[in-house]
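Here, each number is a calculation from the coordinates, and none is a lab measurement. Since the model is a prediction, treat every value here as computed from it, not as a measurement. Every residue, glycine as well, gets a Cβ built from its backbone with ideal geometry; the counts of neighbours run over all protein chains shown.
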Amino acid sequence: MRLTVAAFSGTILGFFLGILFPTLSLTKINLQSSLFPSIGLAYVEDKYSEFSTKSIRDALTSLAGNRRSKSNGFDTLDNTKIWVPTNPRGAERLPAGIVKSKSDFYLRRLWGLPQKDPSFKPKYLVTFTVGYDQKDNINAAVKKFSENFTIMLFHYDGRVSEWDRFKWSKRAIHISARKQTKWWYAKRFLNPHIVAPYDYIFIWDEDLGTKHFDAEEYLKLVRKYDLEISQPGLDPSSSYNWQMTKKKEHGEVHKDAKERDGWCSSAQLPPCAAFVEIMAPVFSRDAWRCVWHMIQNDLIHGWGLDFALRKCVKTPHKKIGVVDTQWVLHQSVPTLGNQGQADGKRAPWEGVRERCHKEWAMFQERMANAEREYFQEMEIFPFNFSIDI
């Protein structure tokens, strides 16, 4: 009877062990104080070639660790949470050492070890929103930016591969979405966590003549005059709207200008000061972090944004300026307007221009409402409250 019971029990035990380890051939195991949870595997032979011995050993070691956690009253897989409140939102469950909250546009190799990738990293970023018809102008402009710049092209016409005719294009970043503006691209692809490695970010139009411009020399003056937001002066022969952005003949940088009567409510407010236009702005890393959050997701033309940029800089009448000794020619090529849609008897550009004006009014209203709500919440009642944008 005893032999029968022992044999039966052994058969049942062997059956359950077979279910637990159906794919592993355990050639040798070392038992420590107990069978579970302290299994030490000296060698595991894998029945399937796609799994390495080390991988299975690591998996079983992890399994043993989880069982030890359960024996101490914790269920590592289900209940225990790594909670690090200083981690970025959404990553609180991760151990802090594995969190990488920032990225970049540095190109990586498909081979070799990551730590052996080329160590040179550009310090600045320049973006152009382009159509292929402006290829010669962009080719000339890119040559004004040294290897210290990452080059990024936003393609609104879908023609990307044709740019391979230029040698520099092979190291550029290309992003294509048809009939979109640079502010649409900027909101979606220039997140502050992505562009964090760059000291300055240039967000430029495609119709700028750069004969009298050198990017490295430009940034020397930006640093010299401690500008957080800037632009090169506009050649006097350019099409321009504001005296502030027109190139001055004397001096390296100017931060204010005499505008037409009644156009400025204060000498320290746009467009007489603290003002650059949206055609060729240059942002410091810190300024862009603020501006990116201010860009509205659905307002893609950016009209009115230039009047509000000052809100992202302390003492804006000192930190926003125009560099006169490095200037550009605004050629006013209406390429993006031609990407519009004809409506009845109206040309494509007319609908585009109409939306520009509507977005400006919408942005102004949103900013005014947001500031008004903030003041009310804080129980602050500025005398004769108004917003200048």
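See the values below:
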{"item": "Cα-Cα over 20 Å, subset of K100/K121; K123/K224; K179/K246; K121/K143", "result": "K179/K246"}
{"item": "Nearby aspartates and glutamates by direct alpha-carbon distance to K248 (threshold 15 angstrom, same-chain neighbours under 8 apart not counted)", "result": "D235, D256, E259, D324"}
{"item": "Mean Cα-pair separation over length for the range 157-280, i.e. relative contact order, pairs under 8 Å, 6 or more apart, %", "result": "18 percent"}
{"item": "Residue-span extension gain [Q331 to Q376] - 0.36 nm each, minus C-alpha spacing", "result": "11.7 nm"}
{"item": "17 Å cut-off, amide nitrogen to a point 7 angstrom out along S146 Cα→Cβ, residues in the range 215-241", "result": "215-224"}
{"item": "At R0 = 22 Å, FRET efficiency that the Cβ-Cβ distance of K121 and K167 yields, to 0.05", "result": "0.60"}
{"item": "Ranked list, fewest to most other Cβ atoms within 10 Å of each Cβ, for W242, W183", "result": "W242, W183"}
{"item": "Fewest-first ranking of M367, M1, M378, using other Cβ atoms within 10 Å as the exposure measure", "result": "M1, M378, M367"}
{"item": "C-alpha center-to-center spacing [the range 352-374, the range 251-271] in angstrom", "result": "23 Å"}
